[in-house]
Amino acid sequence: MKKFNIRKVLDGLTAASSSSPSSAAAQPGTPKENDAVQETLQSENFQLCKTVRHGFPYQPSSMAFDPVQKILAVGTQTGALRLFGRAGVECYCQHESGAAVIQLQFLINEGALVSVLTDDSIHLWNLRQKIPAILHSLKFNRERITYCHLPFQSKWLYIGTERGNIHIVNVESFTLSGYVIMWNKAIELSTKTHPGPVVHISDNPMDEGKLLIGFECGVVVLWDLKSKKADYRYNYDEAIHSVAWHHEGKQFVCSHSDGTLTTWNIRAPAKAAQIITPHGKQPKDGKKPEPCKPILKVEYKTTRAGDPFMVLSGGLSYDTVGRRACLTVMHGKSTTVLEMDYPIVDFLTLCETPYPNDFQEPYAVVVLLEKDLVVIDLGQIGYPIYENPYPLTIHESPVTCCEYFADCPAGLIPALYSVGTRQKRQGYSKKEWPISGGNWGQGTQSYPEIIITGHADGSIKFWDASALMLQVLYKLKTAKVFERARGKEEKSGADIVEEDPFAIQTLSWCPESRMLCVAGVSAHVIVYRFSKQEVTTEDVQLLEVRMQCDFSDVDSPDPGGDQTPTLPTPGASSSPQESEPPTQTSTGSNPSDGPRDNIPCLQVRSSPLKQSPGYQVELVVQLVWVSGEPPQPITSLAINSSYGLVVFGNSNGLAVVDYLQKTLLLNMGTSELYSPSDPYQRQPHSPRKARQPSGDKPNVTFYMSRLSNLYSESVKKLRSSHFTLCDSNDGANPSEDRCKSPTSGSTSPCNSDDERRQKFMQKVKLKSRRFSKTVASDFAKMSRKISSSSEHKPDVDAKDNSFTRSRSSSVTSIERETREAISSFHFCESFPRKTDTLVSPCLLVGTTQGSVMTVALSVPPGGDQRLQQSVGISSCGTLVRLKGGILTMALLDSTATLLPPVYEPWYDPNASDEEKEKSRRRRPASPPSSQEGQESQFAVLCSEKQAKVVAMPSQTRLYKHNITETSFVLRADVVLMAGANCIACFCANGHIMTLSLPSLRPLIDINYLPLTDMRIARTFCFSNLGQALYLTSPTEIQRITYSQETCDNLQEMLSELFTPVETPEAPNRGFFKGLFGGGAQSLDREDLFGETAAGKASRSLAQHIPGPGSMEGMKGAASGVVGDLARARIALDERGQKLGELEERSAAMMASADSFSKHAHDMMLKYKDKKWYQL
């Protein structure tokens, strides 16, 4: 008797209620065998959280370094904080306000950091926990913060403001002191003008009681904190940008806006001891040097054994137009100018000691650039840079596509690393990376993970992403295959992309066979094999393919006499003889002679190609121009190593290439994939009228050029969007564009989140297809919208804003009948027809109209037969139809286990024949069903709107789920999770969902990114084991997990920033300095700034806000068992704090008692021998 399962009933009800009324959990004809499928995934297996962020901090604005902990902090214009330690130790945190970080100050060796924002707030971060949290915040209400300074081993933070005043904050309690230095007391009474904002604050290295204050106007004041007055005032005509002390405290250096450096002796304020212009031309007649650009920052560092170092940024002569930003290092009589690739944001000199009153002994300079981080070695001749261990080169060229592979084959990462090490540059410093703080996490996850990024310059990077780290393994430059035009006059007129013609559009990678196939924006496909041996290729194998819409010329042939190549008949196999010849030369005529024809967009390299170990070119496939029309962008791509086939498609149709025989097997229009009796077959709605020769109708050439501009503009937008936080609309204001209606040019305020979300989704719907994984995949879709809305109206700009945005009014696009583009492929071993009883190789083809069609493949046996016999191909018609474009397809066996595509194990193509034969063994396919009529497979299909599960070979729909009605899915993948499979979806409205398999039961639905942008839509990808990632900025990858297990173990996996380190001993004062008072003088700041001496500060000046990481925040967040533990820990901390205070009070009482006893004893000695009348 069959056991009743209540869980299945509930799951069925859930699936039925979440679907449309016509969607049942299971169809009536479902075989009973399917009831045996046990689904183990539950909602409890899922939880969404961010894990780590990799890459260069986007739009950096400030930097700080802890010289004891060896930790670097970088703040950005978006309020983010990135902390870096040793290689693999990174941390990201974000200020809630999103205001720019203008300054950072470490509490050196205390595990704390102070951040200052443009919204006039200061925050204290606790770095002693793996995920840093804010302990305290202070928001200034009446004054703007311009500069802050925290002396080493001090708890009093000096804050300078735009009004010229200086306030003092206790960083332990984050309360303001009543001690205030007012600007009118600091400057001379005779001065009639305001000195400007405070641009510098520092204490004298040898006297903590003297504070040096720099005002923007050029006035510097040495303030005596005890007497509350100015000791000296130093005046210079030019504005001050920065100030630096000599460690002995007798001199300081100022940098000015005219490119000069002034050196001052503190006791000689009347005149600067030295004035130099490092980059100024010195006139012979002794006149003042010509003014230079401002010196934005200067640092003055001393050494025991030699001359001091003076490091500065800026100050170049004005006649150096177009010269890159420079860092200048002055050491003794030598001046070295180091050119940087990007503008300098900030720099710091790393020194051996944290004490400002000792010889600094500088050893490196950290330079923060707009798009890079450089560390310069000061200890070696020529000042070489250190090799950067962080993954900061993601944005070296803008990322155009991204793929994520978890649980890869074991030997893959070492193989990529071994070939990648040979690509490393030479000439780096031989010393170890100086930013070496923190410890790695102790995570239990050890499976290998690889991220592949495609870039605008045609490069592809492989990254090792295991254990929440990121390290570049190998870089492949696809542009080497092509000739590069040296000048504008040499550029081919066939180029449809003026900028970044080699940009990667999509890629297909088989980790097991290591076969790689990439498609570029110039309608080219390159097949690569992996080899550990270097080889020189005399002639790159080239295959040119002529793809055109099959019914675009139904009524008339081409005017130039070139007939459309014979297309295979549906249902019949195609051989190379029936289609294009495998290789053809570009015989097209010049553009001036007539329409461009049979010309590829790029010219393949004719000279021998030296290929280093790694990925080596196997075959290049190029689409050519057809009668003046550029080739359509490639929208989908797949490769199968077991069959030796590559398939790619666009809005014209699909092509199948045999990369072993280097032949074109199939070149078929999309409509021909449908069988004649197919109910979904699409007929041409409005065939184009007979085209006239270009001489009779000159407008055709104009329209073709406009169509060319359409692609060119799209790629330009693609590239520019990588460095735009919110994709703008042809240069419009991003904030206005976000609220712009998709059907009109007017703007309207976004009053609510729902309205903004809805408008944004409409915008994504109109534009995302150009910027998605397939980049320019749906120009045909735009044409389809235009033709359906106004079939005979040439002016459609007002009716379709997406067409306006493309800045193209191509009438050919308007008149072109509806095209159904290919959106996805899946190689598999299944049942191509309903009548089949045994599995065989086949190809599933998904289209933008939601059709899924099967193509049967007849692959010859391996060995010589495979190279001699051609692969047979026949179309088997439509399998099923879904709403929206097809995104992903997969096959499950009868137990709902994923059936991956068959593959050929990797072998080195340049190895000996014996080694090849040992490794070239085809993986066995799934065993055929022994029972007739048994449903032995499930076909899983997911589109932009819904998901379906179909039984094979009967092609009966078993389950259906409508994923979204108001939005659409951007990315969907069938992934392995907790030992079972599910569908993971990311929608345009920001929702992340998972569906169980095969019943399509919703497991999670989380609103993760309510207002996303194009970059996230383009780069979001899921991987196995609950991992996903996306490009959160043009320079950063954000990794997330949707696995409950990973979230639970995240604390262990994350790296640790703070490690207990002994603070170095203070410098020895020496006997004579101690005897005559020449050493550093300390100051009891508590007596000066405490409430007893200074009083209370004005309450309206600043508002104290307890942070979530403070005691108050922890008390509020504590709950349950974890809360009890947290409360116990808080109680212990408070008890320890109280015991510490008690110990301090006891020590103070003992000191007071000792003092009283001493005074009493002195009094007794004084009066013991005196009589009473002598008193």
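Can you list the equivalent-ellipsoid semi-axes of the range 189-255, largest first and in whole Å, using the square root of 5 times each Cα gyration tensor eigenvalue?
Numbers: eigenvalues 73, 45, 16 Å².
Each semi-axis is the square root of five times an eigenvalue, giving 19, 15, 9 Å.
Rolling a 1.4 angstrom probe over the protein heavy atoms, how many square angstrom per residue are accessible across the range 46-196? Display every interim value, and only then the final one.
Details: 5110 Å² over 151 residues.
On a per-residue basis, the range 46-196 sits at 34 Å².
Report, in whole Å, the centroid distance computed from the Cα atoms of the range 595-669 and the range 193-225.
When both Cα centres are located, 68 Å separates them.
From the C-alpha coordinates alone, can you work out the Kirkwood hydrodynamic radius of the range 848-894, in Å?
Its Kirkwood hydrodynamic radius stands at 13.2 Å.
Compute, for residue 1161, the solvent-accessible surface of its heavy atoms (probe 1.4 Å) with the complete set of protein chains present, and express it in square angstrom to the nearest 10.
Only protein atoms counted, so the area is about 90 Å².
Computed on alpha carbon atoms, what radius of gyration and Dmax characterise the range 344-413, expressed in Å?
When restricted to the Cα atoms of the range 344-413, Rg and Dmax are 18.2, 56 Å.
How would you order 827-833, 609-615, 532-538, 118-124 from highest to lowest mean count of nearby Cβ atoms within 10 Å?
Numbers: 827-833: 23.4, 609-615: 18.6, 532-538: 11.6, 118-124: 20.1.
Going by the mean number of other Cβ atoms within 10 Å, highest first, we get 827-833, 118-124, 609-615, 532-538.
In whole angstrom, how long is each semi-axis of the equivalent ellipsoid of the range 317-447, when you take the square root of 5 times every eigenvalue of its Cα gyration tensor and sort them from largest down? Spell out each step's value before the answer.
Details: eigenvalues 231, 93, 43 Å².
The answer is 34, 22, 15 Å, longest axis first.
Bins of 5 Å, beginning at zero and ending with the bin holding the largest distance: percent of Cα pairs per bin for the range 974-1074, please.
2, 10, 16, 17, 14, 10, 5, 4, 3, 3, 3, 3, 3, 3, 2, 1, 0, 0
Work out the P(r) tail for the range 394-486: percent of alpha carbon pairs separated by more than 19 Å, whole number. Could the numbers behind the result be given before it?
Working: 2351 of 4278 pairs.
In whole percent, the long-distance tail amounts to 55.
Provide the solvent-accessible area of residue 63, counting protein heavy atoms only and rolling a 1.4 Å probe, rounded to the nearest 10 Å².
Counting only protein heavy atoms, the figure is 10 Å².
Show me the ranking of peptides 1040-1047, 1029-1036 by mean Cβ neighbours inside 10 Å, starting with the highest. Please list the in-between numbers first.
Details: 1040-1047: 21.2, 1029-1036: 23.0.
Put in order of decreasing packing, that is 1029-1036, 1040-1047.
Sorted by mean Cβ packing within 10 Å, highest first, what order do the peptides 144-156, 45-57 take? Mind showing how you got there, number by number?
Values: 144-156: 19.0, 45-57: 20.8.
So the order, starting with the most tightly packed, is 45-57, 144-156.
Mind jotting down the three principal axis lengths of the range 372-443 based on Cα atoms? Whole angstrom, largest first.
44, 33, 23
Based on the inverse mean of 1/r over its pairs of different Cα atoms, what is the Kirkwood hydrodynamic radius of the range 41-142, in Å? Walk me through the intermediate numbers first.
Values: mean 1/r = 0.0693 Å⁻¹.
14.4 Å is the Kirkwood radius here.
Give the whole-number value, in cubic angstrom per residue, of the convex hull volume spanned by the C-alpha atoms of the range 57-207.
Numbers: hull volume 18.0 nm³, N = 151.
In the range 57-207, the Cα convex hull volume per residue is 119 Å³.
Take the alpha-carbon positions of the range 213-306, form their convex hull, and give its projected area averaged over all directions (one quarter of the hull surface) in nm². Working shown, then result.
Values: hull surface 29.1 nm².
Over all viewing directions, the range 213-306 projects a mean Cα-hull area of 7.3 nm².
Any idea how far apart residue 1052 and residue 834 come out in nm if each label point goes 7 Å out from Cα toward Cβ?
5.4
Report, in debye and to the nearest 20, how large the dipole of the range 67-164 comes out about its Cα centre when Lys and Arg carry +1 and Asp and Glu carry -1 on their Cβ.
On the way: 10 positive and 7 negative charges, 49 e Å.
Magnitude of the dipole: close to 240 debye.
Obtain the nm distance between the two label points defined at residue 94 and residue 334 by a simple spin-label model: each point lies 7 Å from its Cα along the Cα-to-C-beta direction.
Each label point lies 7 Å from its Cα, and together they span 4.6 nm.
Taking only the alpha-carbon atoms of the range 277-364, what semi-axes of the equivalent ellipsoid follow from 5 times the gyration tensor eigenvalues under a square root, in whole Å, largest first? Before the final figure, lay out each step's value.
Details: eigenvalues 137, 59, 20 Å².
Working from the Cα gyration tensor, I get semi-axes of 26, 17, 10 Å.
For residue 288, project a label point 7 Å along Cα to C-beta. Then give me every residue of the range 192-236 with its amide nitrogen under 17 Å of that point.
Under 17 Å, as judged by backbone N against the label point of residue 288, lie 217-219, 235-236 of the range 192-236.
Tell me the Rg and the Dmax, in Å, that the Cα atoms of the range 293-341 produce.
Taking only Cα atoms of the range 293-341, I get Rg and Dmax of 12.0, 39 Å.
If you plug each phi of the range 409-425 into the Karplus form 6.51 cos²θ - 1.76 cosθ + 1.60 with θ = phi - 60°, what whole-Hz ³J(HN,Hα) values come out, in order, with x for Gly and Pro?
In residue order, the calculated couplings are x, 4, x, 6, 5, x, 5, 5, 5, 5, 7, x, 5, 6, 8, 5, 6 Hz.
Looking at the range 48-114, what % of its DSSP beta bridges pair antiparallel, to the nearest 5?
100
Which links in 155/1096; 250/271; 883/960; 475/610; 185/271; 834/948 stretch past 20 Å when you go from one Cα to the other? Please list the in-between numbers first.
Numbers: 155/1096 17 Å; 250/271 15 Å; 883/960 11 Å; 475/610 16 Å; 185/271 22 Å; 834/948 18 Å.
Over 20 Å Cα-Cα: 185/271.
Once phi is turned into ³J(HN,Hα) by the Karplus curve 6.51 cos²θ - 1.76 cosθ + 1.60 with θ = phi - 60°, what whole-Hz value does each residue of the range 172-177 show in order, with x for glycine and proline?
6, 9, 6, 10, 7, 7
Give the average over all directions of the projected area of the C-alpha convex hull of the range 607-650, one decimal, in nm². Write down the numbers at each step before the final one.
On the way: hull surface 20.5 nm².
With the hull built on Cα positions only, its mean projection is 5.1 nm².
The values are calculated or read from the model by the stated rules, or taken from the named source; none is laboratory data. Because the structure is a prediction, the values reported are computed rather than measured. Here Cβ is always computed from backbone atoms with ideal geometry, including for glycine, and neighbour counts include all displayed protein chains. Please note that ligands, DNA and RNA were not included when accessible areas were found on the heavy atoms of the full protein model with its side chains. Shrake-Rupley method; radii C 1.70, N 1.55, O 1.52, S 1.80 Å.
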